[in-house]
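Notes for the one structure printed next.
The values are calculated or read from the model by the stated rules, or taken from the named source; none is laboratory data. Please read these numbers as outputs of a predicted model, since none were measured by experiment. In this analysis, Cβ positions are derived from the backbone assuming ideal geometry, glycine residues included, and neighbour counts consider all displayed protein chains. Keep in mind that these areas ignore ligands, DNA and RNA; they rest on the heavy atoms of the full protein, side chains included. Shrake-Rupley method; radii C 1.70, N 1.55, O 1.52, S 1.80 Å.
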Amino acid sequence: MAEVTILHQIEKIRDYERGYRASHVLNTGFRFGLLNALAEAVEGLSSPELAVKVMLYEPYLKIWCRTAYHFEILDCDHQGRFKLQPFMEEVLGLDLYAQTSPAKAAFASGKGQESMGSDPLDQYIRTGRISPSCQTPDASFATRRATKSMITIFVSMIFPARGELKKQLSDGVELLDIGCGSANLLIDFAHAFKRSRFVGIDSDVHGIEIAEGEIEEFGLTDRVHVENVNAEDMHFNEEFDVVSMVLTLHEILPESRPAALSKAHRALKKDGRIMILDYPYPGRLEDFRNPRYEYGIMEQYFEAINGIVHISQQEQDELLLQAGFKDIERMPVSEGGMLDFITAAKP
Ligand SMILES: C[S@@+](CC[C@H](N)C(=O)[O-])C[C@H]1O[C@@H](n2cnc3c(N)ncnc32)[C@H](O)[C@@H]1O
């Protein structure tokens, strides 16, 4: 038997994760008649054509089609029409499904959709009605665990490349973290950079409650403070040297983003900088098979029902420029460049 290494085990778990996600895409395709509709369309279907055919919400179908393209379940022609890849119809048993499935008949008559259950995806895929981002103690705790290692990304990947940022934090700054969650990163920063002071804000009250407990417990109340407020409702005025958004910009709803960034700009002192760490998301279909975008594609697929809309590099730049930022710099970080570290200045 081949030697078992840690890399081998990481690879194994990654494969399981990919398999789970691809199965979810297939399952959604079966459940809502998407794969079947595509099997019937010899010339392929664009996402608006698919939406008309199955009478479901087009923005979600676009995300689904692109994710299925990512997993090489679908191909796409130069006119934007998606088609099943060769042999998928047989392998997935869609030919049999078309002849025998009662669910197919129910979909064709519209009854299938009427009888759908109370799953948030059922609501969203029919009506586009979003399920508010679940801000429960359990959800906040899950986010806390998932983002626990943000400090590692800074220490091992960002600071070595951006020494001036580390120096600034060591010398002492006022830093505002927008979307701080339970303040993992702020607490780690406060331990590492004893001359700096930190404020965190988040719309999730449960995350803020956890943060308050931890800040108290670590005896950091003189240098770390958190508030339960939305980014778009902040009222800071030229108080901070650095504003950060860690895995947060994509989570701020599209209608609130311009206000959130303009409030971030206002919160900065002259010559202050914003630093954003977030998933890159492809702006062109060709990039949906580039592994660098894998996290962004998967996050978008699962977060769509919460109204979350991931943004391409071009859209990020436009938002920053509109808010008044200049000198945008971007650096891929983490293995395979699956995160982007972006900075911009307030002149
Ligand atoms: C993926 S979590 C990242 C949390 C934290 N930055 C970390 O890395 O541990 C995104 C955070 O953005 C917050 N968020 C989303 N929309 C927001 C808004 N409009 N204003 C403030 N925070 C927001 C969420 O509540 C959530 O805590």
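Brief remarks follow.
- The chain, dipole about Cα centre (Lys/Arg Cβ +1, Asp/Glu Cβ -1), debye to the nearest 20: 280 debye
- With all protein chains modelled, accessible area of ARG66 [1.4 Å, Å²]: 50 Å²
- Coarse-grained scattering of the chain at q = 0.14, 0.15 Å⁻¹, given as base-10 log I(q)/I(0) from a Debye sum over alpha-carbon atoms: -1.16, -1.26
- Diffusion constant of the stretch 237-316 at 10 °C, which comes from Stokes-Einstein with the Kirkwood Cα-pair radius and 1.306 mPa s, µm²/s: 116 µm²/s
- With every protein chain in place, the chain: carbon and sulfur % of accessible area (1.4 Å): 53 percent
- Once exposed loop chymotrypsin sites (Phe, Trp or Tyr not before Pro) are cut out (DSSP; at most 14 other Cβ, 10 Å), longest piece of the chain: 88-217
- Backbone phi angles across the stretch 89-94, fed through the Karplus curve with coefficients 6.51, -1.76 and 1.60 (θ = phi - 60°), yield HN-Hα couplings of 4, 5, 4, 8, x, 6 Hz in residue order; Gly and Pro are listed as x.
- Given their separation in residues at 0.36 nm each and the Cα-Cα distance between them, ILE6 and ASN228 gain 75.9 nm when the chain is fully extended.
- Gyration tensor over alpha-carbon atoms, the stretch 1-68, equivalent ellipsoid semi-axes in Å: 35, 11, 9
- Distance between modelled label sites at ARG126 and GLU216, nm, 7 Å Cα→Cβ extension: 4.5 nm
- Normalising the average separation of contacting C-alpha pairs (under 8 angstrom, six or more residues apart) by the number of residues puts the relative contact order of the stretch 137-345 at 17 percent.
- Label-point separation, ASP77 to ASP15 (7 Å along Cα→Cβ), nm: 3.6 nm
- Ranking of SER244, SER156 by solvent-accessible surface, largest first: SER156, SER244 (1.4 Å probe, protein heavy atoms only, all chains present).
- Accessible surface, per residue, of the chain when the full set of protein chains is kept, probe 1.4 Å, Å²: 50 Å²
- Applying both filters, DSSP loop and at most 16 other Cβ atoms within 10 Å, to the trypsin sites (Lys or Arg not before Pro) of the stretch 238-320 gives ARG284.
- Full-extension gain in nm, LYS326 to SER23, via 0.36 nm per residue minus C-alpha separation: 104.8 nm
- For the stretch 50-98, radius of gyration divided by Kirkwood radius, i.e. Rg to Rh on alpha-carbons: 0.98
- Vicinal HN-Hα couplings computed from phi for the stretch 245-250 (Karplus, 6.51 cos²θ - 1.76 cosθ + 1.60; Hz; Gly/Pro x): 9, 10, 6, 10, 3, 5
- R0 of 35 Å, Cβ-Cβ distance ALA161-GLU255: FRET efficiency to nearest 0.05: 0.55
- Legend: residues VAL42, VAL54, sorted from most to least accessible area (1.4 Å probe; ligands, DNA and RNA excluded), read VAL42, VAL54.
- Close amide H contacts of MET275 (hydrogens built in the peptide plane, cut-off under 5 Å, sequence separation of 5 or more or a different chain): VAL243, SER244, MET245.
- The phi-based Karplus calculation (6.51 cos²θ - 1.76 cosθ + 1.60; θ = phi - 60°) puts the 3J(HN,Hα) values of the stretch 52-63 at 5, 5, 9, 6, 10, 6, 4, x, 6, 4, 4, 5 Hz, whole numbers, x for Gly and Pro.
- Distance (nanometres) between label positions extended 7 Å along Cα→Cβ at ASP317 and ASP95: 4.8 nm
- Extension gain for ASP271-ILE151 works out to 40.7 nm (0.36 nm per residue, less the C-alpha to C-alpha distance).
- Dimensions of the stretch 201-269 from C-alpha coordinates, computed as largest minus smallest value along each principal axis and given longest first, are 36, 26, 18 Å.
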